[in-house]
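Read through the structure below, which is laid out as structure tokens, and then see the notes.
The values are calculated or read from the model by the stated rules, or taken from the named source; none is laboratory data. None of the values given here were measured: they were computed from a predicted structure. Heads up, the Cβs are rebuilt from the backbone with ideal geometry, glycines too, and the neighbour counts pull from every protein chain shown.
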């Protein structure tokens, strides 16, 4: 027990270090993204090409042929990262200014991992109708929208309306990104333990935006809703939960009606008993999920304890209690469920074919691609997902999404699989090279500990 206590103390100390470093490095660099040039400036005469009078020619061409905007401008690689700061990470409603470092960080990941030019747009507005109006007004400039850190239930309405009313991809990473990567991990975890996706009983701990969307995506991928049980802060969702039969909780009420065929009641302990899989996106632990509850699960159980910064149960506790495969949201444990292995590459693919939406079936295609990339390297109890530094995995996800968009008829542009792969490879590698060169040439200044 003493050894375990030392381990926990070391892990907690390690977990606190990024915050300490962030407080030094953010003011040093004064942010994480900037605008730079992608066109040549051979001499000052080129200004007449890039600006007036030469620029009038492509303007007229776009006016006569609106789709030419994708050829004359960078619209096809621009993504807006939009947030009102109402649910920032684990910090809650801290406002748009305080959310800006997170949105800049998202833009950094978009660029470095997907070659996507993303801009943080933090808005001083909380009304869903006005937020939708603002996002829709951005469409002429951007090829895609990433909604980020909106509180529920408005996050559901904003995503649904924007997806239905706009002609560019709109994505909520807290929902679709988490669901995509979780499905990828689930696919491979089930392979490791030798169970079929349609047969397993799943307990979903937490009924926020992430698990609501996860349930929708895994149902599409073959999980039987009747064999699933969802738990919120008041207990298991079932048909007797009339407190959820409201417009405010319509997503939860839908799960009351479509899951839990046995009409179980109680809490987390009752939901986990006999389950093959638990997917936790709830209250940070440790102790939210108890070892004895893991022991009550079926043989060869799978535990996704993905609360941040501390998982609902420590991985070693889950393993000792009988779980064969354990995932968390942290990079210092095996099997990290990290949205960063998904969203940059997904956008890379849909942007390259000028898609007008990201469908749930494209999320499933991305998850299957991620799972296959891990299989190629050899999955095990401690390796079910690619890591964010796996460039080949990112390229393949981009290809899978682009191909699915063309198959589903949501793409404006047709490319072959080889052309998609080449485009993704070039853009992702270019982004990394730009950073490498800028650091080597001290364009990005070197940071050293004082």
Residue in the stretch 292-312 that is at pLDDT below 95 and more than 17 Å from the chain's Cα centre (by Cα) present: yes
Scan of the stretch 250-272 for residues that are part of a loop (DSSP other than H, G, I, E, B) and either surrounded by 17 or more Cβ atoms within 10 Å (Cβ to Cβ) or in contact with a helix residue (DSSP H, G or I) (Cβ under 7 Å, 6 or more places away or on another chain) (or both), ordered by number: 259, 260, 261, 264
Failed item in (1) closer than 24 Å to residue 337 by Cβ; (2) over 21 Å from the mean Cα position of the chain (by Cα), with residue 242 passing the rest: (1)
Residues satisfying the stated conditions in the stretch 214-229, i.e. within 17 Å of residue 178 (Cβ to Cβ) and in contact (Cβ under 8 Å) with a residue 40 or more places away in the chain: 214, 215, 216, 217, 220, 221
Selection status of residue 48, surrounded by fewer than 16 Cβ atoms within 10 Å (Cβ to Cβ), in a helix (DSSP H, G or I) and free of Cβ contacts under 8 Å to residues at least 12 places away in the same chain: yes
Residue match in the stretch 210-228 (condition: assigned to a strand (DSSP E or B), modelled with pLDDT of 95 or more, within 20 Å of the chain's Cα centre (by Cα) and crowded, with 16+ Cβ neighbours inside 10 Å): no
Unique match (being buried (at least 22 other Cβ atoms within 10 Å of the Cβ) and modelled with pLDDT of 95 or more) among 197, 202, 134, 123: 202
All positions within the stretch 308-333 that are touching a strand residue (DSSP E or B) at 6+ places or on another chain (Cβ under 7 Å) and surrounded by fewer than 24 Cβ atoms within 10 Å (Cβ to Cβ): 315, 319, 322, 324, 329, 330
Qualifying residue in the stretch 415-432 (condition: at pLDDT below 95, in contact with a helix residue (DSSP H, G or I) (Cβ under 9 Å, 6 or more places away or on another chain) and not in a helix (DSSP H, G or I)): no
Helices (runs of 4 or more DSSP H) wholly inside the stretch 73-169 that include at least 2 residues being in contact with a strand residue (DSSP E or B) (Cβ under 7 Å, 6 or more places away or on another chain) and without any contact (Cβ under 8 Å) to a residue 40 or more places away in the chain: 96-114, 154-165
Residue that is farthest from residue 309 (Cα to Cα), among those in the stretch 273-283 that are out of contact with any strand residue (DSSP E or B) (no Cβ under 7 Å at 6 or more places or on another chain) and crowded, with 16+ Cβ neighbours inside 10 Å: 273
Residue in the stretch 398-407 that is within 16 Å of the chain's Cα centre (by Cα) and buried (at least 24 other Cβ atoms within 10 Å of the Cβ) present: yes
All positions within the stretch 303-327 that are closer than 19 Å to residue 276 by Cβ, touching a helix residue (DSSP H, G or I) at 6+ places or on another chain (Cβ under 6 Å) and not in a helix (DSSP H, G or I): 303, 321, 322, 323, 324, 325, 326, 327
Where residue 10 falls short, out of the listed (1) at pLDDT below 95; (2) within 26 Å of residue 150 (Cβ to Cβ); (3) outside any loop (DSSP other than H, G, I, E, B): (2)
Residue count for the stretch 370-408, restricted to those that are without any contact (Cβ under 8 Å) to a residue 60 or more places away in the chain and out of contact with any strand residue (DSSP E or B) (no Cβ under 6 Å at 6 or more places or on another chain): 26
Checking residue 231 against (1) closer than 18 Å to residue 281 by Cα; (2) out of contact with any strand residue (DSSP E or B) (no Cβ under 7 Å at 6 or more places or on another chain); (3) outside any helix (DSSP H, G or I), the condition it does not meet: (2)
Enumeration of residues in the stretch 273-296 that are in a loop (DSSP other than H, G, I, E, B) and closer than 17 Å to residue 218 by Cα: 275, 276, 281
Residue 240, sole failed condition from (1) within 12 Å of residue 207 (Cβ to Cβ); (2) at pLDDT 95 or above: (1)
Qualifying residue in the stretch 178-187 (condition: touching a strand residue (DSSP E or B) at 6+ places or on another chain (Cβ under 6 Å), assigned to a strand (DSSP E or B) and at pLDDT 95 or above): no
